[in-house]
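Here's the structure, in structure tokens; my notes come after.
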Amino acid sequence: MVSVVIPTHESERALAHTLAALVPGALDGVLREVIVADAGSQDGTAKVADVAGCQFMVTTGARGVRLSAAAAAARSRWLWFLQPGCVPGSNWIEELVGFIRARELASDAIDQAAVFRARPDRNRAPLSEALALIGTALGAKPKPSQGLLIAKSLYQRLGAHHPEATDPETELLRRLGRRRIVTLGCGMMHTG
């Protein structure tokens, strides 16, 4: 159903956190594959990916090049771009599957993508959490750390990640546009 794409570089610990959170989705058959798009890490990133059964792609070049190459290799109709260290909340499977099913049933809704609600780390002050929730409610711009779930066909129509972009993930979200991005109720925490 979904191909996960995770760009890495010296991301051993952060990748382990993310992959551990994805295990229930793999067991349920929601995740078809996880592609780790690496920039030539020298730490244990490759070993972590191998132990978890991920496809490990080493691609030279900028982050946008790696992301585009991994997306092109993906076998699923849906792509989920995650940063290493991103950990979705406990009900992520239901949210993800619900979004995909709703979009596939609506004839024109494949033009929408989704991000998860930003969830603060455990050390964030309550006031910071309240301001973040208000920002989300008022339409704050989504961030790559919220994970982007997008139909592969829409991703291709948008022209994929730009290889020259300084921040290709933020640039893709900008091109997608706030009106086409749904914020799911499930939170996404970034462990650093």
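The values are calculated or read from the model by the stated rules, or taken from the named source; none is laboratory data. Note that this is a predicted model, so its numbers are computed, not measured. Here Cβ is always computed from backbone atoms with ideal geometry, including for glycine, and neighbour counts include all displayed protein chains.
So which of D43, D50 ends up being more than 15 Å from A14 (Cβ to Cβ) and either modelled with pLDDT of 95 or more or of a type outside the set (A, V, I, L, M) (or both)?
After applying the criteria, what remains is D50.
Determine whether region 20-27 contains at least one residue that is out of contact with any helix residue (DSSP H, G or I) (no Cβ under 9 Å at 6 or more places or on another chain) and over 21 Å from T191 (Cβ atoms).
Yes, there is a match, as at least one residue in region 20-27 is out of contact with any helix residue (DSSP H, G or I) (no Cβ under 9 Å at 6 or more places or on another chain) and over 21 Å from T191 (Cβ atoms).
Give just the number: which of (1) in a helix (DSSP H, G or I); (2) in contact (Cβ under 8 Å) with a residue 60 or more places away in the chain; (3) farther than 17 Å from L148 by Cα does G61 not satisfy?
For G61, the failing item is (1).
Residue by residue through region 163-176, note down the ones that are under 15 Å from A37 (Cα atoms) and either of a type outside the set (D, E, K, R) or surrounded by fewer than 17 Cβ atoms within 10 Å (Cβ to Cβ) (or both).
P163, P168
What are the residues in region 64-77 that are of a type in the set (G, A, S) and either modelled with pLDDT under 95 or outside any helix (DSSP H, G or I) (or both), if any?
Passing the criteria: A74, S76.
Pairs under 6 Å by beta carbon, first residue in contact (Cβ under 8 Å) with a residue 60 or more places away in the chain in region 1-22, partner of a type in the set (D, E) and surrounded by fewer than 20 Cβ atoms within 10 Å (Cβ to Cβ), six or more apart or different chains?
Note: pairs meeting the criteria are S3/E33.
If you go through region 155-172 one residue at a time, how many are part of a helix (DSSP H, G or I) and either over 15 Å from the mean Cα position of the chain (by Cα) or closer than 10 Å to A114 by Cα (or both)?
Residues that pass the stated criteria total 2.
State which residue pairs qualify: first residue within 22 Å of W92 (Cα to Cα) and touching a residue at least 12 places away in the same chain (Cβ under 8 Å) and inside region 167-188, second residue crowded, with 17+ Cβ neighbours inside 10 Å and of a type in the set (D, E, K, R) in any location, beta carbons under 6 Å apart, and separation of 6 or more residues or different chains.
T183/R117; L184/E95; C186/E95; G187/R117; G187/R119; M188/R119
Which residues, taken from region 18-29, are in contact with a strand residue (DSSP E or B) (Cβ under 6 Å, 6 or more places away or on another chain) and either more than 11 Å from L82 (Cβ to Cβ) or in a strand (DSSP E or B) (or both)?
Within region 18-29, just G25 meets the criteria.
Consider only pairs whose beta carbons are under 6 Å apart and that are at least six residues apart or on different chains; among these, list those whose first residue lies in region 84-103 and is in contact (Cβ under 8 Å) with a residue 24 or more places away in the chain and whose second residue is buried (at least 20 other Cβ atoms within 10 Å of the Cβ) and of a type in the set (S, T, N, Q).
P84/T8; P84/S11; P84/T18; C86/T18
Within region 45-58, which residues are touching a strand residue (DSSP E or B) at 6+ places or on another chain (Cβ under 9 Å), under 20 Å from L22 (Cα atoms) and either assigned to a helix (DSSP H, G or I) or among the hydrophobic types (A, V, I, L, M, F, W, C) (or both)?
T45, A46, V48, A49, D50, A52, C54, F56, M57
Name the one entry in A102, A118, A140, A132 that is more than 29 Å from R157 (Cβ to Cβ), at pLDDT below 95 and either part of a helix (DSSP H, G or I) or out of contact with any Phe, Trp or Tyr (no Cβ under 7 Å at 6 or more places or on another chain) (or both).
Checking each option against the conditions leaves just A132.
Could you please find all residues in region 142-162 being surrounded by 20 or more Cβ atoms within 10 Å (Cβ to Cβ) and of a type outside the set (A, V, I, L, M, F, W, C)?
Residues satisfying the conditions are P142, P144, Q146, G147, Y155, H161.
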